[in-house]
Amino acid sequence: MTTTSEPAPQPRTSAPAAEHRTRFFDHRIPSLYAGRYIIGNRQILKDVDGADRTVDATPQPFDVVQPRFSFDPTGINARFPVPDAVGTYSQTLAHINLDAPGLPWARLLAEDQPGAVPWMALLLFREGELPDEDPDAVGLVKAGTVRELLDGDLGDGVVPVIDPQSMRPDEYDEQCATIRVPAELFDAVKPLPVEMGYLAHLREGGRPDATLFGADPEPDEGELNAVLVANRFPAATGGRHVVHLVSLEGHARYLTAPAPAEGVRLVSLASWSFTTEPDSGIGFGDLAQHLATTDGKTPRPADELRLRVPASGPANPAGPQKEALDRMAGGAVALPQRLESGERTLAFYRGPLTAQPAPELPDPSAGPEGRLDSAGEALIYLQQYGVFDTAYAAAFTIGRTLALADAEFRTALLEFRSAARTAARRLASHPDLASRAATALTARQVTAPLAYEAFDRLLTAGDSEDGYGRGGSARLVQALDQAGSQLRSGRRRTAARTRRSPGDVRAVLTQPGVAGLLTQAAAAEFDKVTGWLNALRRLELLDLSHLVPDSRALPSESIRFAYVDATWVRAAVDGALSVGVGHALDADLNALAIGGGPVPKCAVLINSSLVPNWPTTIVTAYTGPDVVEPVRDAVFGTETRLILFPEVIDRFELAEPPRGLCFGIGDIGTIELREITGDRIGHPMGEFPQPAGFARFLRPGGRDVLNLDGPGDALLPALSSAHGLAGGQRVSSAQFALQMINAPQAQTFSRP
């Protein structure tokens, strides 16, 4: 296995297949803004002398009513982070989703501002930044009527300047919530008017069959929502944060000029708080990238991703050195060994997972019909070097030990063999039964006592009358009448028994249908045996030390790929079935349980803090274009994850768990550029910026506020340039939202 090198193996943003489509639109500018209007009706008539005569009708006032100082909280569709959430959000921009799609553009921010600039914005504050009313950032506000606000009775801070002619009489008595923002803080976090247009957009969800903009250009009105995004990241050091959806109407002059010394009092239309945990600086993307690369860019070599202990040797090894290095390259480790005679030596050992495809078990070590009967048969002696390879012998011993330790399996195995032996001997003693095994014979006919079976037939046979008009009961009477005097007097008749040789019994097992019939002799016990053995084939009964005999093969923060040695697993199965074998027939019956489920062919082992910190990480494996489903996915301890696959995979992907649609940057300080035109809108284009590092797009002052279009290195011009826009062209607000989606990240590994 090696990491993908084209494009560069940095974590790429990706998401699971969507069940619906999502589109973004720039804004919803109304045909008539919220406010007070008068309809004037004037008619000009011609007088009899030809002069114009003007007739003015009574003016008709009307109001376009939209929320201004408060709105119904049920109109909030979603918020992120969710209220009172606790998590690591230092790379996420908070946002709010409103049911009313046109609300942010329902009124002008100021007469000199274009309609694309919303009159509201989402501001984020940290603990201690609002000392007057909400020092703990829990969402406290100063409430009162609109009249009290405009009269300055709700506390310090310059109040919004609202034209009295635009106020309806009933608006003065409305309740509103306000916050005072200190001047220095307001100047640090306030968005510029040109930036406000990029921090608001429309989102539409729709049918999954309408994925192309050209196929369905008009938005679905029933699926539209307005979205406002904050321009500030939560603190990396963690702590409580509060988010306010504020009205900037009447404060537009302070967006481009310094705020007054006493600060500003803003109307808070909605608010919520959340807690972000300290950011260690290591996220999913960082960890996944470290698994795949040595320095964030250079893919780890394939040999480093195989499950084996690193070993160094001469450039051109030969003889014993080459033998040892080759075995270690396959995943074996050298361990001390004590022989039965007492001598101490060295031996090679490995578990079922190998760094290279394992060779077949040597024929001399296999017993009759390829079955191992003892651990000694599986020892491989390297005569030239005087050492053993104990892998298969250890597998046999492990399987036998596991079986002996499991009383339920051990009992089921012995009971199955007992029932199967009885059935096999009956078939050997009654050739007529054996000949019917492949057709109509049932398990009960070879397990129940034959006398019971004969008596049952005597009672039930002849349900229809025979040629003499007699049924089953009449035949029983006839049988008793014809019995001899000894039987009628109660004395038993004795007959010489003929004992058949064991060879005859073993020969029965080769007849058609007999094997399947014997497995039904004790069906429940047989199912327990095969189920247990299948679990062993899936390595479920082995602990991590069996799979990784040396921790250096799987160090901390590493991923390793391995083959599964089917011969090792078969040796362990043979060891488990060796329990309680008393003679050759028992060994033959073991063969009935060997043909269970398949053995996995490859494995992925991850030893990383990804395992406990992202327990729902999505893993996907491919063979060519096809997805391969794992046969087992298990966690050892807290940080080691094992995934087994039924075939050797070509590609493996680790994907961050989905977290809903949100905005922000990735763990390595980049975003994923996405196509903004054509029929591939949203398709990934690569990481931005290069080199990684989003700090260049933050305002000075250390408050983690985005510099979208202010002085210095601004994000909007850089994004527009990255998309090849020239001549003063800019990405739109919808296109900006598409770039800032903080989708789950993924890391791909490919087999060379």
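The 3J(HN,Hα) values that the Karplus relation (6.51, -1.76, 1.60; θ = phi - 60°) gives for the range 223-236 are, in residue order, 10, 8, 9, 8, 10, 10, 10, 6, 9, 9, 8, x, 5, 5 Hz. Gly and Pro appear as x. Counting beta carbons within 10 Å around each of D170, D187, D326 and listing the fewest first gives the order D170, D326, D187.
The orientation-averaged shadow of the Cα convex hull for the range 583-716, equal to a quarter of the hull surface, comes to 14.3 nm². A simple packing score, the average count of other Cβ atoms within 10 Å per residue, orders the peptides 379-386, 650-657, 580-587 as 650-657, 580-587, 379-386, with the highest score first. You can think of it this way: the chain between N613 and K46 has 195.7 nm of extra reach, that is 0.36 nm per residue less the Cα-Cα gap. In terms of the Cα gyration tensor, with a ≥ b ≥ c the square roots of its eigenvalues, is the range 663-752 rounded because a/c is under 1.5, prolate because a/b exceeds b/c, or oblate? Oblate, because a/c is 1.5 or more while a/b does not exceed b/c. Ranking of M740, M167 by neighbouring Cβ atoms within 10 Å, starting from the fewest: M167, M740.
Compute the distribution of all C-alpha to C-alpha distances in the range 524-564, in bins of 10 Å from 0, and list the percent of pairs in each, rounded to whole numbers. The calculated distribution, bin by bin, is 24, 39, 22, 12, 2. With viscosity 0.692 mPa s and temperature 37 °C, the Kirkwood radius over alpha carbon pairs of the range 47-182 converts through Stokes-Einstein to a diffusion coefficient of 176 µm²/s.
R0 = 41 Å: FRET efficiency of D633 with S374, Cβ-based, nearest 0.05? The formula returns an efficiency of 0.75 here. Taking amide H as placed 1.01 Å from N in the peptide plane, Q745 has its amide H under 5 Å from the amide H of S14, E656, each at least 5 places away in sequence or on another chain. When the Cα convex hull of the range 271-399 is projected onto planes of every orientation, the mean area is 15.1 nm².
Highest average first, the peptides 26-35, 621-630 ordered by how many other beta carbon atoms sit within 10 Å of their residues are 26-35, 621-630. Going by neighbour counts of Cβ atoms within 10 Å, the residues C662, C176 line up, fewest first, as C662, C176. The range 84-144 and the range 399-421 have Cα centres separated by 68 Å. Along its principal axes, the range 565-617 has C-alpha extents of 53, 20, 17 angstrom, given from the largest down.
Put simply, when 89-95, 43-49, 258-264 are sorted by average Cβ atoms within 10 angstrom per residue, most first, you get 89-95, 258-264, 43-49.
Between amide H atoms placed 1.01 Å from N, distances below 5 Å from L698 occur with N707, all of them 5 or more places distant or on a separate chain.
Values in this text are rule-based calculations from the coordinates and carry no lab data. Since this is a predicted model, take the numbers as computed values, not measurements. Cβ atoms come from the backbone with ideal geometry, glycine included; neighbour counts cover every protein chain shown.
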